[in-house]
Amino acid sequence: MKTIVTDSTEEAARFIREGGTVAFPTETVYGLGADVFNEFAISKIFSAKQRPADNPLIAHVGDVSQIELLARDVPDPARAFIERFFPGPLTLVVPKADKVPSIATAGLDTIGVRMPSGKVTHEFLKACGTPVVAPSANVSGRPSPTDWESVLEDLEGKIDCILKGEPSRVGLESTVVDCTEDVPVVLRPGAVSIEQLRKVVPETVAITETDGAAMRSPGMRHKHYSPKAKVILVDPTDVRRASACRGSCAFIGLSAPPDNSSLTMIVDSTEEYARELFGFFRLCDRKGIGTILCETVPEEGIGTALMDRLRRAADSMLGP
Ligand code: AMP
Ligand code: MG
């Protein structure tokens, strides 16, 4: 299969309307989309990504009114979150409409719904004329792509089209909130923080592993975000004396790097760290780096989501 790379939202949308698969930019990461009502098109997403069939997809809308096509019911807390945060990096899990094929939600009776922001994304979704289901546009297990070149690296020849856009502004996947019960539950942290969600619905809670996070958010039980290099987390106070690397070593974080780092990315803020992380992982792989040291950050705001991804990618934490 030849993969067309285009910056025309109309050309890309035509592939969706004709039952194809299209990678497209969003503010979180690039997604790999298909028409939510086309089972065969959706099956092509799972095979291109080698995605486990038990991992549900998120449905993306270009307009809030399309949510009616996807959801059997939109509970009050979900309505409040839509009002405040759509379009934005937030996915709401709500009861699924019967018309949505079960392959889209991995057999679940619920569906994750999101309205991404950004001009190109919005134009594309509008032109599709249907909600578009899309997981991240990477081979399963690899770091999510935050630019179109990373999509090409993973999926060239396996998908119909890549819509070129700017690199993703956030760089981490959306916050996922289960709104199917009385109390909203954050299943996956993202750029919309629990502090922000609680300003809208104060009862909102974060799921913990002991609450069965892996059961309620199927994607969380799969290995994620891993570069080929070994990932080691390091506390800010230990960075300077970190010499755990044998062979080539890279560092990303807010502090000055350890002496033996041959590839370094110093970021100015937690937001920049989040935006750059997955791209840095991929750069390290291209350069054949053996070990990546990642500095830890405080767990507040987007720091919670960043630490979640770092822990899932990590092989170990450097002890004192
Ligand atoms: P990705 O876009 O690749 O990050 O994958 C979407 C993720 O959203 C899944 O792995 C789940 O963790 C979560 N998700 C999507 N739909 C649902 C749902 N109906 N219920 C719970 N979690 C969901
Ligand atoms: Mg993914």
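The values are calculated or read from the model by the stated rules, or taken from the named source; none is laboratory data. The model shown is predicted, which means the values in this text are computed figures rather than measured ones. Using ideal geometry, Cβ is built from the backbone for each residue, glycine included, and neighbour counts are taken over all protein chains shown. When the accessible area is computed, the model is the full protein with side chains, heavy atoms only, and any ligands, DNA or RNA have been set aside. Shrake-Rupley method; radii C 1.70, N 1.55, O 1.52, S 1.80 Å.
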Problem set entry | Between helix 270-286 and the chain: long-axis angle, C-alpha atoms, 0 to 90°, nearest 10 | 80
Problem set entry | Cross-link reach list, lysines versus LYS287, counting only Cα pairs under 25 Å and skipping chain neighbours closer than eight places | LYS49, LYS158, LYS164, LYS223, LYS228, LYS230
For this session: Choose one answer from ALA104, ALA242, ALA229: the residue with the largest mean-square fluctuation in a GNM of the chain with alpha-carbon springs under 10 Å.
Result: ALA242
Exercise. Given a 1.4 Å probe and the protein chains all in place, what does the accessible area of SER262 round to, in Å² to the nearest 10?
Worked result: 80
Problem set entry | Dipole-positive endmost among ALA104, ALA313, LEU57 within the chain (Cβ charges, Cα centre) | ALA313
For this session: Would you mind checking which residues have amide H under 5 Å from PHE251's amide H? H placed 1.01 Å from N; only 5 or more apart, or other chain.
Result: LEU263, THR264, MET265, LEU293
Seminar exercise, completed: Residues other than GLU18 with Cβ under 14 Å of its Cβ, Lys/Arg counted +1 and Asp/Glu -1, net out at -1
Exercise. How much net charge surrounds LYS119 when only the other residues with a Cβ under 15 Å from the Cβ of LYS119 are counted, with Lys and Arg +1 and Asp and Glu -1?
Worked result: -3
For this session: Return one number: the angle in degrees, 0 to 90 and rounded to the nearest 10, between the long axis of the Cα atoms of helix 302-313 and the longest principal axis of the Cα atoms of the chain.
Result: 80
Exercise. Given labels modelled 7 Å from the Cα in the Cβ direction, how far is it in nm from PHE40 to ASP98?
Worked result: 2.5
Exercise. Over the range 10-156, how many percent of alpha carbon pairs lie in each 10 Å bin up to the one with the longest distance?
Worked result: 12, 45, 36, 6, 0
For this session: Mind pulling the angle between the C-alpha long axis of helix 39-49 and the longest principal axis of the chain? Nearest 10 degrees, somewhere in 0 to 90.
Result: 10
Problem set entry | Solvent accessible area, Å² - MET1, 1.4 Å probe, full protein context | 130
Problem set entry | Accessible solvent surface per residue of the chain, calculated while the other protein chains remain in place, 1.4 angstrom probe, Å² | 42
Exercise. Along the charge dipole of the range 51-197, which of SER174, PRO89, ILE162 sits closest to the positive end, that is, farthest toward it, with unit charges on the beta carbon of Lys, Arg, Asp and Glu (+1, +1, -1, -1)?
Worked result: ILE162
Exercise. What residues qualify as long-range amide H neighbours of THR110, i.e. H under 5 Å apart, gap of 5 or more or another chain, H built at 1.01 Å from N?
Worked result: LYS96
